[in-house]
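Encoded as structure tokens, the structure appears first; notes follow it.
The values are calculated or read from the model by the stated rules, or taken from the named source; none is laboratory data. Quick caveat: nothing in here was measured; it's all calculated off a predicted structure. Ideal geometry is used to build each Cβ from the backbone, glycine not excepted, and the neighbour counts take in all protein chains shown. The accessibility values were calculated without ligands, DNA or RNA, using every heavy atom of the protein model including side chains. Shrake-Rupley method; radii C 1.70, N 1.55, O 1.52, S 1.80 Å.
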Amino acid sequence: MSKLTNDPILHNPFWPPVPTKISSDCPKFDGKVGEDPQAHVMTYHFWCSSNSWLDNSVWLRLFQRTLTGSAAKWYIELARGSFQDFNSLAMAFLTHF
């Protein structure tokens, strides 16, 4: 159960709130063979920008909603408080996948 409550994001109390509703066209990444993690990060970047979410902390906190399957498992198993910005999370994601 502790894995389900693990939060690899090192939160800052001054960050803006995260949108509670996101559109259904949110890109997804499962971690299957043949999926391009670099394309996923680029698509995610464009998707956030097109929704006018320009704050790095919002990108950081929404990224987990794009992960399914083995990619979601990877995220859940990250060390608590590992990331304070999207770039560090994206690099870890690209390195792993």
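Key figures
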quantity	calculated
Read-out percent of Cα pairs over 22 Å apart, derived from the coordinates shown; its label in (i) 57; (ii) 25; (iii) 44	(ii)
Dipole magnitude (debye, nearest 20) for the chain, charges at Cβ of Lys, Arg, Asp, Glu	260 debye
Vicinal HN-Hα couplings computed from phi for region 31-39 (Karplus, 6.51 cos²θ - 1.76 cosθ + 1.60; Hz; Gly/Pro x)	x, 6, 4, x, 6, 9, x, 5, 5
59, 15, reordered so the largest accessible area comes first (probe 1.4 Å)	15, 59
Length gained when the stretch residue 18-residue 65 is fully extended (0.36 nm per residue, less Cα-Cα span)	15.8 nm
Nonlocal amide H pairs with residue 29, under 5 Å, H built at 1.01 Å	67, 68
